[in-house]
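Since every read-out is calculated from the coordinates, none of them should be taken as a lab result. Everything numeric in this text was worked out from a predicted model, so none of it was measured. No Cβ is skipped: glycine too gets one built from the backbone with ideal geometry, and neighbour counts run over all protein chains shown.
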Amino acid sequence: MPEGYVRLGEENWYYVLHPRPVYVVAAAWGGRVNFMAASWVMPFSEDPPRIVASLSKDSYTAELARRAGSFTVNVYAADAADFVYSAGTVSGRRVDKVRELGAEVSFDTATGAPRIVRPRPIGYVVARVHRVLEDLAEDVDLFVADVVEAYADERLFNESYGWVLQRARVLLHASGRAFTTATQLILASRRRG
Ligand SMILES: Cc1cc2nc3c(=O)[nH]c(=O)nc-3n(C[C@H](O)[C@H](O)[C@H](O)COP(=O)(O)O)c2cc1C
């Protein structure tokens with residue numbers, strides 16, 4: 001046991017890799033629209049532009065995304081923590097989350113994927129499913145998807161360096177009901193020599 005560390009178990013090992021951004025993934029198929037909170041989502045490659053998302057085999061959103069072949073990743077600010085938490089604690093298999101949570105969606109013209117317009121995300125990515133790897137884990141499937149389009153709120157984003165942190169307050173998930181945000185800018189020194 002390394003001195004000064006606590007050993008993490010099966011239940012909480014991944015807390016060491018949080019906080020991390022949490023998004024709302026939305027998908028639609030056969031007249032049904034649904035969305036879910038998802039924090040195990042990340043950029044995968046620039047060439048081609050691809051993301052990966054680890055989505056539960058039980059998730060209704062994942063089922064719709066697989067059938068439709070597309071989904072959106074909606075990025076929220078800290079003030080949307082309640083919405084994101086609700087999106088992650090109720091399944092669309094049981095309730096109509098769009099209605100229950102008072103959300104509104106608009107459909108992307110290229111892919112037909114629904115993006116959330118209310119509550120307003122500070123950014124979003126439209127993704128087309130490239131491949132779904134179903135045999136890597138018992139609980140989740142790995143969605144590998146091409147980035148079709150990406151948008152960020154012009155008041156909160158700088159095209160050269162990304163989110164203006166103090167203003168954007170991008171929502172991060174710590175654990176359980178605990179969320180946080182990153183507002184402090186830390187500029188690393190340039191390497192000399
Ligand atoms: C903060 C937070 C983050 C979550 N991240 C993920 C995730 O990355 N992948 C996943 O499959 N489920 C994740 N969940 C759980 C799903 O959002 C949850 O199972 C949801 O009810 C699925 O809804 P659906 O069946 O309507 O798709 C997360 C939940 C919360 C609250």
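Quick notes on this one:
- Of the residues making up region 57-75, those that are within 11 Å of the ligand (Cβ to nearest atom), more than 13 Å from P114 (Cα to Cα) and surrounded by 17 or more Cβ atoms within 10 Å (Cβ to Cβ) are S59, Y60, A62, E63.
- Any hit, region 175-187, residues being closer than 24 Å to G31 by Cβ and small (G, A, S): no
- Of everything listed in (1) in contact with an Asp or Glu (Cβ under 7 Å, 6 or more places away or on another chain); (2) in a strand (DSSP E or B), the single unmet condition for A62 is (2).
- Long-range neighbours under 6 Å by Cβ, at least six apart or interchain, first residue at negative phi within region 73-100, second assigned to a loop (DSSP other than H, G, I, E, B) and among the charged types (D, E, K, R): A77/R169; A78/R169
- Evaluated against (1) within 12 Å of the chain's Cα centre (by Cα); (2) surrounded by fewer than 21 Cβ atoms within 10 Å (Cβ to Cβ); (3) within 13 Å of the ligand (Cβ to nearest atom), D139 falls short on exactly one condition, (1).
- Within region 17-52, considering residues that are closer than 19 Å to L172 by Cα and not in a strand (DSSP E or B), the one farthest from the chain's Cα centre (by Cα): L17
- Residues satisfying the criterion are absent from region 28-37 (criterion: in contact (Cβ under 8 Å) with a residue 60 or more places away in the chain, surrounded by 21 or more Cβ atoms within 10 Å (Cβ to Cβ), near the ligand (Cβ under 10 Å from one of its atoms) and within 16 Å of E134 (Cα to Cα)).
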